[in-house]
Amino acid sequence: MSDETALELNPKKTVIYRVVAGLIIGLSKVFFRPTVTGRENIPLHGPVLIAPIHRSNVDFAFTLFISSRKVFFMAKDSIFKVPMLGPLVSHLGAFPIRRGSADRDSMKLAEEVLRRGYALVLFPEGTRKEGRRVEPIHDGAMFVAARTGAMVVPVGIGGSDRAMPLGAKFPRPSKIRIVIGTPIAPPVSDGRVARSAVAAKSEELRQELEAVYLRSLEGR
């Protein structure tokens, strides 16, 4: 990895992290009253790729509820240039990805995080989607998992589309239910993992992601 993409990650929950995360969690409990089912499905050690449904810009905030581990995630590099905000999101586990960079650059950064044995949040749908169904997803998540040996955990977040719909500037109160599915093992091979194996695992992830998402929406 070049100096240009070298990662500076602090796996410890710093004082700033605890204060800011505590504030976010406190506000989320007031506005969204989140419940979590299946928290025990996220391994406490080793590389793990957390793969949530993506229906709202507030989905990232709810990753703070799903594990006692500190999770890492990508953010646009422009955010890190904003005074105070840049250092703040770094403490929360964000690392920069250049705007307009190739997908392979993003995947290299994701691989590096997992090779260090950390937990990484990666939305397998890519961008925010709408509806209850999960359309065919990108192979990126399973490709990275195959190269790093990371388990992949599907996460359904029900209600976030109401909390902050597409186009909304501010969130609004809405009950959130989070359902964490059973970890999915990455595709393996004695040599290079075949594209067909990655595609098959991606379809497995798509089905499991849709299942936990539908469970998170029960009663709505």
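Just so you know, all these numbers are worked out from the coordinates, no wet-lab data involved. These numbers come from a predicted model, not from an experiment. Backbone-built Cβ (ideal geometry, glycine too); neighbour counts: all protein chains shown.
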Relative pair counts by distance (%), Cα atoms of segment 45-142, 10 Å bins: 14, 47, 35, 4
Per-residue [θ]222 nm for the chain (sum of -39500 (n - 2.57) over DSSP H runs n ≥ 4, rounded to 500): -10500 deg cm²/dmol
Inter-site label distance for E8 and R104 at 7 Å from Cα along Cβ, in nm: 2.8 nm
Where only C-alpha atoms are counted, convex hull volume of the chain per residue in Å³: 126 Å³
F32, F65 arranged by Cβ crowding within 10 Å, fewest neighbours leading: F65, F32
Long pairs among K13/K201; K12/K81; K129/K169; K13/K175; K29/K169; K13/K129, criterion Cα-Cα beyond 26 Å: K13/K201; K13/K175; K13/K129
